[in-house]
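Enquirer: Mind looking over this structure? Questions follow.
Bear in mind that the values in this text are calculations on the coordinates, not laboratory data. Keep in mind the model is a prediction, meaning the values are calculated, not measured. Quick reminder, even Gly has a Cβ in these numbers, built from the backbone with ideal geometry, and neighbours come from all protein chains shown.
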Amino acid sequence: MDVQGRRLGPSFTTRAYAKINLGLRILGRREDGYHDLMTVMQNVDLFDTLSFIPTTSGVEVRCSELPLLEGPENLVHRAAEMLAEGFGVKRGVRVVIRKSIPVGAGLGGGSSDAALALRVLNFIWGIGASYEEMFELALQLGSDVPFFLRPGTAIASGRGEVLSYVDAPADVSYIILYPGFPVDTAWAYSEWDRRKMRLTCTDNYIKLLACSKASGRLEEGIYAEIGNDFEPLVFRRYPVLGSLKEELLSNGAIAASLSGSGSAIYGVFEGRETAGKVLKGLRLAGIEAFVCCPLVQWQDSGLWSR
Ligand code: C5P
């Protein structure tokens, strides 16, 4: 347990946004055990709220809704300790997390919280590290943490850390369904290895991403191609997820998919009205559902000097 210091000043409260993967292709296993992939990371306006309270010493993370998340292995805790050690910071922080992003859902909640902690502590501890320095720390915390340092829409390759930010169509909304249980990402990748899945790197999706990168704007046709290579494996073990996807498609979604390795399933809807109606129906049926919009622009909170 960390020795807690005295409070040192006003708290700083801000949001950590979730992401969905607009398509995901696994290209192969690498020598370091990770997998090369191609995906589009899209921030959405489903968020956790984090309050950072500067203290004289120690790192403490509180999450009253989910006390299990409070240990030193919490990514926010690790981010803070890494930063303090790396930059010789002599002060502390208490972070209070109000969780709305489901955990273990492929929505990047823990990663987004951690990236936000890096950005905010860089600011309130007066470190002044560059984006590039933070990027290195972020990648040590997890493959998708670097993306959350600069929210928006990005085509991601490598482990998920080679990022090309693009503009994205804004006139859609998403319904995200959480089935009430998590899916273990490491398990999903090992299942992919075990089944020696075919490589899909020459498909239309990859071509669309190449065009999007070149134009700096995500091609509209992306929604027709948002297949996710984890789906066959994850749906086999959790058939309810396949049914949730069908439910969204039969309710007017123009496309639907697993996010990351799951467990969340999302549907894409034109405009907001249909999504609102469908959401009501799903909630009446007892399904945990959120309606979200894409965050299409880099929401610069002034924490980086770009
Ligand atoms: O990077 P992160 O800690 O989020 O990854 C969790 C697990 O997912 C890794 O231990 C690894 O098994 C798997 N993974 C992978 N290839 C990636 C990302 C994650 O194999 N590109």
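Enquirer: List the lysines whose Cα lies under 30 Å from the Cα of Lys245, skipping any in the same chain that are fewer than 8 positions away.
Expert: Those lysines meeting the cut-off are Lys19, Lys99, Lys196, Lys207, Lys213, Lys277, Lys280.
Enquirer: Please give the FRET efficiency for Ser64 paired with Arg6, using the beta carbon to beta carbon distance and R0 = 25 Å, rounded to the nearest 0.05. Walk me through the numbers on the way to the answer.
Expert: Working: r = 22 Å, r/R0 = 0.87.
My answer for the efficiency is 0.70.
Enquirer: Among Met41, Gly28, Leu75, flag the residue with its Cα farthest along the positive direction of the charge dipole of region 15-100, charges on Cβ as +1 for Lys/Arg and -1 for Asp/Glu.
Expert: Met41
Enquirer: At 0.36 nm per residue, and after removing the present C-alpha to C-alpha distance, how many nm does the segment from Ser57 to Asn204 gain when stretched out fully?
Expert: On the way: separation 147, 0.36 × 147 = 52.92 nm, distance 5.25 nm.
Taking 0.36 nm per residue and subtracting the Cα distance, the gain is 47.7 nm.
Enquirer: List, largest first, the extents of the alpha carbons of the chain along their principal axes, each in whole Å.
Expert: Each principal axis gives a Cα extent; for the chain these are 55, 45, 37 Å.
Enquirer: Could you give the length gained on full extension between Arg195 and Ala170, defined as 0.36 nm per residue of separation minus the Cα-Cα distance, in nm?
Expert: Working: separation 25, 0.36 × 25 = 9.00 nm, distance 3.71 nm.
Here the answer is 5.3 nm.
Enquirer: Rg and Dmax of region 1-137, Cα atoms, in Å?
Expert: Over region 1-137's Cα set, Rg and Dmax evaluate to 16.0, 50 Å.
Enquirer: Also, I was wondering about something else. Can you tell me which of Asp48, Asp229, Asp193 moves the most in a GNM of the chain? Springs connect C-alpha atoms under 10 Å apart.
Expert: Maximum among the listed residues: Asp193.
Enquirer: Pull up the DSSP beta bridges for the chain and report the antiparallel fraction as a percent, rounded to 5. The partial results should precede the final answer.
Expert: Details: 47 of 53 bridges.
Close to 90 percent.
Enquirer: Also, I was wondering about something else. Per the Cauchy relation, a quarter of the hull surface: what is the mean projected area of the convex hull of the alpha carbons in region 174-247, in nm²? Kindly include the intermediate steps, with their values, before the conclusion.
Expert: Values: hull surface 25.1 nm².
One quarter of the hull surface, i.e. the mean projection, equals 6.3 nm².
Enquirer: Determine the calculated [θ] at 222 nm for the chain from helices alone, applying -39500 (n - 2.57) to every DSSP H run no shorter than 4 residues and normalising by the residue count; nearest 500 deg cm²/dmol. Walk me through the intermediate numbers first.
Expert: Details: 9 runs with 97 residues, N = 306.
The helix-only estimate for the chain comes to -9500 deg cm²/dmol at 222 nm.
Enquirer: I would also like to ask the following. What do you get for chymotrypsin sites (Phe, Trp or Tyr not before Pro) in region 176-264 restricted to DSSP loop and a cutoff of at most 13 other Cβ within 10 Å of the site's Cβ?
Expert: none
Enquirer: How are the C-alpha pair distances of region 113-257 spread across 5 Å bins, as whole percents from the shortest bin up?
Expert: Percent of pairs per bin, in order: 2, 8, 13, 16, 18, 20, 14, 6, 3, 1, 0.
Enquirer: Just want to confirm a number: the relative contact order over the chain, from Cα pairs under 8 angstrom separated by 6+ residues, in percent. If you can, show how the numbers build up before the last one.
Expert: On the way: 652 pairs, mean separation 69.2, N = 306.
That works out to 23 percent.
Enquirer: Can you list which of the trypsin sites (Lys or Arg not before Pro) found in region 82-159 are DSSP loop residues with at most 10 other C-beta atoms within 10 Å?
Expert: Numbers: sites: Lys90, Arg91, Arg94, Arg98, Lys99, Arg119, Arg159; in loops: Lys90, Arg91, Lys99, Arg159.
Listed in order of number, the matching sites are Lys90.
Enquirer: If you average the alpha carbon positions of region 111-173 and of region 20-40, how far apart do those two centres end up, in angstrom?
Expert: Between the Cα centres of region 111-173 and region 20-40 lies a distance of 17 Å.
Enquirer: I've got another one for you. Out of the GluC sites (Glu not before Pro) in region 1-80, which ones are loop residues according to DSSP with at most 16 other C-beta atoms within 10 Å?
Expert: Details: sites: Glu31, Glu60, Glu65, Glu70, Glu73; in loops: Glu31, Glu65, Glu73.
Those that pass, being in a loop and sparsely packed, are Glu31, Glu65, Glu73.
Enquirer: Enter the angle in degrees (range 0 to 90, nearest 10) between the Cα long axis of helix 75-86 and the first principal axis of the Cα atoms of the chain, meaning the one along which they spread out most.
Expert: Around 50 degrees separate the two axes.
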